[in-house]
Every structure is written in structure tokens, then in C-alpha cells.
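Q: Mind having a look at this structure? Questions to follow.
The values are calculated or read from the model by the stated rules, or taken from the named source; none is laboratory data. What you are looking at is a predicted structure, and each value in this text was computed from that prediction instead of being measured. Positions of Cβ are generated from backbone atoms using ideal geometry, with glycine treated the same way; all protein chains shown enter the neighbour counts. With ligands, DNA and RNA removed, areas are computed over all heavy atoms of the protein, side chains included. Shrake-Rupley method; radii C 1.70, N 1.55, O 1.52, S 1.80 Å.
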Amino acid sequence: MSGASVLFDAPGPRARVRNHVISAITAVVVLLVAWVVYSRLNSSGQLTAAKWEPFLTPDLWRTYVLPGVRGTLTAAAVSIVFALALGFVLGVGRMSTHTGIRWASSVFVEFFRAVPVLIMMIFAYFLYAFYDVFPSQYLALAGVITGLTLYNGAVIAEIVRAGVNALPRGQGEASSALGLTSGQTMRAILLPQAVTSMLPVLISQLVVVLKDTAIGYQITFVEMVRQGTVVGSSYGNYIPALIVIALLMISVNFALSWFATWLEKRMRKSRRGGAPLDPGAVETEGAPGAKVL
């Protein structure tokens, strides 16, 4: 019974055979497709050793790849910080007891969730350029950060609101009974508990921030994907260049996901209290420290 699945009935002998056959056929089809793709790329000369040799030279990394990595990480890091701050403010604002704050936060969130990120990047880029808000070398970076912050801040606000509303209602009622204000309840009771449950979803959204920096190539922002296409155009090795860029992006996203998993486990462990008291023991033995008459 302990090994039985709670989601579906355990397959019988015929079902197991059928599952093995389907799995084998699927594996063969995948291998055939991979072989066809490899053969086509190899016949066109995209996978020859000469196409990979430029990546063994430091000049290519120093001129193309590393500036793209630096641009992607810079835009992602700044956007993540701003989006988290904006998201928590808007999320709390949407649950405010003040009607004006609640409506203003709701309108802001719904509007910027509906506007495409690229539109916001282009609008911010030309707005900053028209009013000379930033130096010319930082215009693209500012446009990318603005678009990512506004969109992802609105999404994170909804994540915060959903995480707080998922908590038992007794948490807020108990804090009100203790005389805490709504602001004190949110800061000291609700948000600390909700953050732990929200962390996996928040990290997934932060990975989206990192990947969406690639959209910035439309406003001439120097990031990893744009630099990969520049390398492919310069050396005639688009496939190897994009494979290298994809591996770099996967490595960064994997590192971020690993850090999120580690942080979640650390937060859950740090907030783990003692085992709850057995109600039966209280009834038979009395409360701790009480004398049994």
C-alpha cells in the first residue's frame, strides 16, 4: 500500500507492457529526429571543427560574448530588485483598507500586465531619448529595465496578493484580536509567512525577467542573444554561436533555480518550530506546569 500511487491505479501486466512499447517507440522517434537534424546541419558544414574554433580564442569572448553576458546580468539584476520592490508595494496596496490606494494599485497592476514588455521598452527608450534623461550609452539599458520592472512588478503584485490571501483567515483575525493594526498585521504576521510559500513562483518569475532581457535587442541593447547573432554573422557559424549562448543562458537560469531551492529549504527550516502538543495529552495530564487535582 505504501508504494501505491494516490493519483492513478497501478498498471497491470498488460498496461506495463504497453507502456514499455510506447516508451521504446517514442525514444526511437526522438533519436531519428535528432539524427536527421544532425545530418542536415553536418552536411551544411555548421558543425565542423572550424565553426567552433573561434570560441577557443579570447578575443571573441572579450569582444562579443562577455559584454553580452554583462549586459544581460546587469539588466536582470537591476530589474529584479526594482520589480520585487514594486511588486510588494503594489501587492500590499491592492489589499489596503484605503479605497484610493486599493483602486490606484489595481489600475496600475491591470494596465501594465496588459501592455507587452517590448512596447514598454520601446516607449521608455524613446521617452528617455527625447527628454535626455540618461546619457546615450545608457538609454537602451534604461529602457530594458523600465519595461521589465513595470511588467514583472505588476505580475509579482498578483503573486503577493495570492500568497497572502492563501493564508488561513485566522491569522489576521488573531492579530486584530491582539490589537495590531492592518499595517502591523501585514508586516509582522502575513507577509513573513506568505513569502515562504510564494518563493517558488517568485523565482520562476525572476527567471522570466532574465530571459526577457533578450527582447532588448529591438532597442539596440547589448545582451547575450544579440551578441550571439553578431558572432554568427561575423564568423558564419550561427548554429554553434546560438548553442553556446543557449548553454550560457541555461547555466545562469539553473544557478538561479538552485539558489531559490536552497533559499526555500533554508527559510522553511529556520521557521520550523517544535512539534504541536497532543490534545489528548492535555486532557489527561493537564497543561504544562499545572497541578493535577
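Q: By how many nm would the segment from V89 to A129 lengthen if fully extended, with 0.36 nm per residue of separation less the alpha-carbon distance?
A: Length gained, V89 through A129: 11.6 nm.
Q: On to the next question. Work out from phi, with θ = phi - 60° and the Karplus expression 6.51 cos²θ - 1.76 cosθ + 1.60, the ³J(HN,Hα) of each residue of the range 102-116, listed in order in whole Hz, and give x for Gly and Pro.
A: Calculated HN-Hα couplings, in order: 5, 5, 4, 5, 5, 5, 4, 5, 5, 5, 6, 6, 8, 8, x Hz.
Q: So how tilted is helix 13-43 from the main axis of the chain? Cα-based, degrees 0 to 90, rounded to 10.
A: The answer is roughly 40 degrees.
Q: Residues in the range 204-228, backbone N under 15 Å from the label point at L118 (7 Å along the Cα-to-beta-carbon vector): list them, ranges by number please.
A: Within reach of a label on L118: 212-221, 226.
Q: Restricting to DSSP loop positions (anything but H, G, I, E, B) with no more than 10 other Cβ atoms inside 10 Å of their own Cβ, which GluC sites (Glu not before Pro) remain in the range 126-234?
A: Listed in order of number, the matching sites amount to none.
Q: Each residue of the range 238-247 in order: what ³J(HN,Hα) in whole Hz does its phi give by Karplus 6.51 cos²θ - 1.76 cosθ + 1.60, θ = phi - 60°, with x for Gly and Pro?
A: With the stated coefficients, the range 238-247 comes to 4, 5, x, 5, 5, 5, 4, 5, 5, 5 Hz.
Q: Turning to a different aspect of this structure: Using a/c under 1.5 as the rounded threshold, could you call the chain rounded, prolate or oblate? The axes a ≥ b ≥ c are square roots of the C-alpha gyration tensor eigenvalues, and prolate needs a/b larger than b/c, oblate otherwise.
A: Oblate shape, in that a/c is at least 1.5 and b/c is the bigger or equal ratio.
Q: Got a sec to turn the phi values of the range 260-267 into Karplus ³J(HN,Hα) couplings, 6.51 cos²θ - 1.76 cosθ + 1.60 with θ = phi - 60°, whole Hz, x for Gly and Pro?
A: My calculation for the range 260-267 gives 5, 5, 5, 5, 4, 4, 5, 5 Hz in order.
Q: Can you compute the modelled spin-label distance between V201 and F259, with each label point 7 Å from Cα toward Cβ, in nm?
A: Reported label-point gap for V201 and F259 is 2.2 nm.
Q: What number comes out for accessible area per residue over the chain if the probe is 1.4 Å? Units Å², please.
A: Per-residue value: 63 Å².
Q: Taking the Cα centre of the range 155-240 as origin and charging only Cβ (+1 Lys, Arg; -1 Asp, Glu), how large is the dipole, in debye to the nearest 20?
A: 60
Q: Which whole-angstrom value gives the distance between the alpha carbon centres of the range 105-129 and the range 212-265?
A: Taking the Cα centre of each part, the range 105-129 and the range 212-265 sit 24 Å apart.
Q: Also: Against the longest alpha carbon principal axis of the chain, how many degrees, from 0 to 90 and to the nearest 10, is the axis of helix 139-165 turned?
A: Approximately 30 degrees, to the nearest 10.
Q: Here's something else I'd like to know. If you line up the long axis of helix 191-212 against the longest principal axis of the chain, both from Cα atoms, how many degrees apart are they, to the nearest 10?
A: Roughly 10 degrees, rounded to the nearest 10.
Q: In whole percent, how big is the carbon plus sulfur part of the accessible area of the range 12-166, probe 1.4 Å, protein atoms only?
A: 71
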